[in-house]
1. Relative contact order, percent, of the chain when contacts are C-alpha pairs under 8 Å separated by at least 6 residues?
2. If packing is taken as the average count of other Cβ atoms within 10 Å, what order do 65-71, 234-240 fall into, highest mean first?
3. Give me the accessible area per residue for the stretch 157-249, probe 1.4 Å, as a whole number in Å².
4. Residue by residue through the stretch 183-199, what is 3J(HN,Hα) from phi via Karplus (6.51 cos²θ - 1.76 cosθ + 1.60, θ = phi - 60°)? Round to whole Hz and write x for glycine and proline.
5. Between Ser221 and Tyr238, what length comes free when the chain is fully extended (0.36 nm per residue of separation minus the Cα-Cα distance, one decimal in nm)?
6. Taking amide H positions as placed in the peptide plane 1.01 Å from N, state which residues far from Leu102 in sequence (5 or more) or on other chains have amide H under 5 Å from it.
7. Which whole-Hz couplings ³J(HN,Hα) result when phi for each residue of the stretch 13-30 is put into the Karplus expression 6.51 cos²θ - 1.76 cosθ + 1.60, θ = phi - 60°, listed in order with x for Gly and Pro?
8. Which whole-number percent gives the relative contact order of the stretch 84-215, counting Cα pairs below 8 Å spaced six or more residues apart?
Amino acid sequence: MDISTGSKINRLLSDGTYGGLFFSEWLDRTGYSAQLIKRYRESGWLESLTNGVMFRKSEKLSALAAIHSFNKQTEKKVRIAAHSALELHGFSHYIPMGKPKLMVSFDPFKPGEWVKSDKFDMSIVPFSTGIFSNPSTQVLTKDNLELPVSTPEQAFLECLHLVPSHYNYMDLFYLMEQLTSLDPERVQKALENTSSQRIKRMFLYMAEKAGHYWFDMLNTSSLGITNSKLQLVENGTYISKYKITVPKELQDYE
């Protein structure tokens, strides 16, 4: 390897995020040709994860570092969301079965095949919603990585959106009980930015049931709640105030 090539690989390795990824569009834009990248792979510096996505062969892949790399190199802003965002905000862990999951909202981008890799320390679960007109996001630092993260208020709405594919209402109510410190103005904004009647009504029902102080500070008349009845589960209990049918286990829980 000549001095020029050695210098470029050293720069590449130092510029990259530890445990992260290298995307071909960024490599090409910063002066690393396909031939040069092929040489790096053959020399054992880089390894292909999927087509157009590489990582440093000696490193274990971090899901958070991968998202950081994606945002930084593609200039997109996908965000950590749902229960993963709540964990980053310091709320107690939601413990799914099996390998830990990192929930990532890719709106409005289509996730690449790289998110399906099993080489990460967490399983990356991409999702899209289309029901949030102006998602609320903050930048948090975790493991020295700056990451766009849904606000706690937005994150819980995302959890409700992902019932029943990833969560169930009873487990989410246990999470709701912990949300004592939500900001009522941000709760109001998040609900107003949500088009889903199911999410709005279940959120209000859970918040009232949990007895949070901020619930009484909400202006529910501006949330666009309709009079239609919604059966959210089968064989549940009908809640006339919100015109929804909820799990009997949830209604009976004290």
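1. 14
2. Ranked by mean Cβ neighbours within 10 Å, highest first: 65-71, 234-240.
3. 48
4. Running phi through 6.51 cos²θ - 1.76 cosθ + 1.60 with θ = phi - 60° gives 7, x, 5, 6, 4, 4, 4, 4, 5, 5, 8, 10, 8, 7, 5, 4, 5 Hz.
5. 4.0 nm
6. Ser123, Ile124, Val125
7. Those phi angles translate into 5, 6, 6, x, 8, 4, x, x, 10, 10, 9, 4, 5, 6, 4, 5, 5, 9 Hz.
8. That works out to 23 percent.
The values are calculated or read from the model by the stated rules, or taken from the named source; none is laboratory data. All of these numbers come straight from a predicted model, not from anything done at the bench. Quick reminder, even Gly has a Cβ in these numbers, built from the backbone with ideal geometry, and neighbours come from all protein chains shown. For accessibility, only protein heavy atoms count, side chains too; no ligands or nucleic acids. Shrake-Rupley method; radii C 1.70, N 1.55, O 1.52, S 1.80 Å.
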